[in-house]
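Every read-out reported here was derived from the displayed coordinates using simple, explicitly stated rules and does not represent laboratory data. As the structure is a prediction and not an experimental result, all values here were calculated from the model. Backbone-built Cβ (ideal geometry, glycine too); neighbour counts: all protein chains shown.
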Amino acid sequence: MKAVIVTGGKQYTVAEGDVIYVEKLGVEAENTVTFFDQVLAVVDGGRTPSSASHGQLGATVEGKVIKNGKGKKIVVFKYRPKKDSKSIRGHRQPYTKVEITKIAL
């Protein structure tokens with residue numbers, strides 16, 4: 001069974017046992033989340049997908065938080081020619097690693 005969920009402003013296609021990296025959730029490691037109650041579609045076997053507008057399907061997806069962390073550092077470099085001006089900044093995006101444990105209709 002597969003499902004399409006929305007979290008952090010992004011859509012993910014998940015199945016049971018998948019490990020995904022999502023935008024940081026306010027949950028500690030080793031806890032269970034049912035944050036993914038906004039399910040856009042569910043596909044069960046070969047049947048046609050069940051879908052609803054605005055996430056009103058009624059299905060839930062549960063997951064176990066494995067860890068919270070930060071991604072690799074990216075360098076943001078701004079250079080202004082002929083002005084003798086430049087700036088260098090770094091950014092590390094926080095994430096949450098989640099293992100999908102259950103998809104329920």
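Overview of values
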| quantity | calculated |
| --- | --- |
| Local electrostatic count, Ile20, Cβ distance below 15 Å [Lys/Arg +1, Asp/Glu -1] | +2 |
| Cα centre as origin, Lys/Arg/Asp/Glu Cβ charges: the chain dipole, Debye | 1200 |
| Residue pairs, from the table Lys10/Lys102; Lys10/Lys86; Lys24/Lys64, whose Cα atoms sit over 25 Å apart | Lys10/Lys86 |
| Calculated from backbone phi, Karplus (6.51, -1.76, 1.60) coupling profile of region 62-68 in Hz, x at Gly/Pro | 9, x, 10, 6, 8, 6, 10 |
| Charge dipole of the chain about the Cα centre (unit charges at C-beta), most positive-ward option of Tyr12, Ile88, Val75 | Ile88 |
| Net charge over other residues, Cβ less than 10 angstrom from the Cβ of Lys78 (K, R count +1; D, E count -1) | +3 |
| Estimated translational D of the chain in µm²/s (Stokes, Kirkwood radius over Cα pairs; 25 °C; 0.890 mPa s) | 156 |
| Mean separation of Cα contacts under 8 Å (6+ apart) over length of the chain, as relative contact order % | 32 |
| Of Ala3, Gly26, Val39, farthest towards positive along the dipole that unit charges on Lys, Arg, Asp, Glu beta carbons give the chain | Gly26 |
| Whole-Hz ³J(HN,Hα) from phi, Karplus 6.51 cos²θ - 1.76 cosθ + 1.60, for region 9-16, glycine and proline x | x, 10, 9, 10, 9, 10, 9, 4 |
